[in-house]
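What follows is calculated from the coordinates using simple rules that are stated; it is not laboratory data. These figures come from a predicted structure and were not determined experimentally. Note that we place each Cβ from the backbone using ideal geometry, even for glycine, and neighbour counts take in every protein chain shown.
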Amino acid sequence: MSRAPAELTLLGTGTSSGIPVIGCDCATCTSDDPRDRRLRTGALLRFTCDAGERRALLLDVPPDHREQSLRVKLDRCDAILLTHAHVDHVFGLDEVRRYNAIMRRAIPVYGMRPPGSSSSACISTSCSASRT
């Protein structure tokens, strides 16, 4: 069987504040170049699994996730990998509820435990939307 290649999309490559930064008048933040308008860091890995089904894995979910998702027409999320627990990498988790509603299932979330919190190196939990 021929498999389609995986596709990595950088959803955001800005700083923790995004670019431009509020109230900044530097050359980058005042630039008219569209490449100087960058959302906070996030990435999307799309691939087809061995069963032939399409999959989408998110690497971090910044506060800009809704806008990022709309830009790439993302309509599913099969798992989330959090690189670390800073606000600019996790505050988009609330937007994951929409994928729960579309897919009608929980989404596994993986990441590293903070140092000293447990002997286990990895965590796994599930995001699941409420029925309200």
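Looking at the range 63-76, can you tell me whether even one residue there is aliphatic (A, V, I, L, M) and touching an Asp or Glu at 6+ places or on another chain (Cβ under 9 Å)?
Here is the first cut: in the range 63-76, the residues aliphatic (A, V, I, L, M) are 70, 72, 74.
This time we only want the ones that are touching an Asp or Glu at 6+ places or on another chain (Cβ under 9 Å), so: none.
Checking the range 63-76: not a single residue is aliphatic (A, V, I, L, M) and touching an Asp or Glu at 6+ places or on another chain (Cβ under 9 Å).
If you go through the range 3-32, how many residues are among the β-branched types (Val, Ile, Thr), loosely packed, with under 14 Cβ neighbours inside 10 Å and assigned to a strand (DSSP E or B)?
0
Kindly indicate which of ARG76, ARG113 is free of Cβ contacts under 8 Å to residues at least 12 places away in the same chain and surrounded by 12 or more Cβ atoms within 10 Å (Cβ to Cβ).
ARG113
Of all residues in the range 59-103 being among the aliphatic types (A, V, I, L, M) and assigned to a loop (DSSP other than H, G, I, E, B), which is farthest from ALA6 (Cα to Cα)?
Step one: filter the range 59-103 for residues among the aliphatic types (A, V, I, L, M), giving 59, 61, 70, 72, 74, 79-82, 85, 87, 90, 93, 96, 101-103.
In the following step, the residues that additionally are assigned to a loop (DSSP other than H, G, I, E, B) were identified as 61, 74, 85.
Working: VAL61: 20, LEU74: 15, ALA85: 26 Å.
Restricting to residues being among the aliphatic types (A, V, I, L, M) and assigned to a loop (DSSP other than H, G, I, E, B), the top hit is ALA85.
Return the only residue of THR48, THR41 being polar (S, T, N, Q) and within 19 Å of LYS73 (Cβ to Cβ).
After ruling out the rest, the residue left standing is THR48.
How many residues are part of a strand (DSSP E or B) and more than 30 Å from THR15 (Cα to Cα) when one looks only at the range 42-58?
Residues flagged as part of a strand (DSSP E or B) and more than 30 Å from THR15 (Cα to Cα) within the range 42-58 amount to 2.
In a helix (DSSP H, G or I) and more than 18 Å from the chain's Cα centre (by Cα): is that true of ARG35 in this structure?
Yes.
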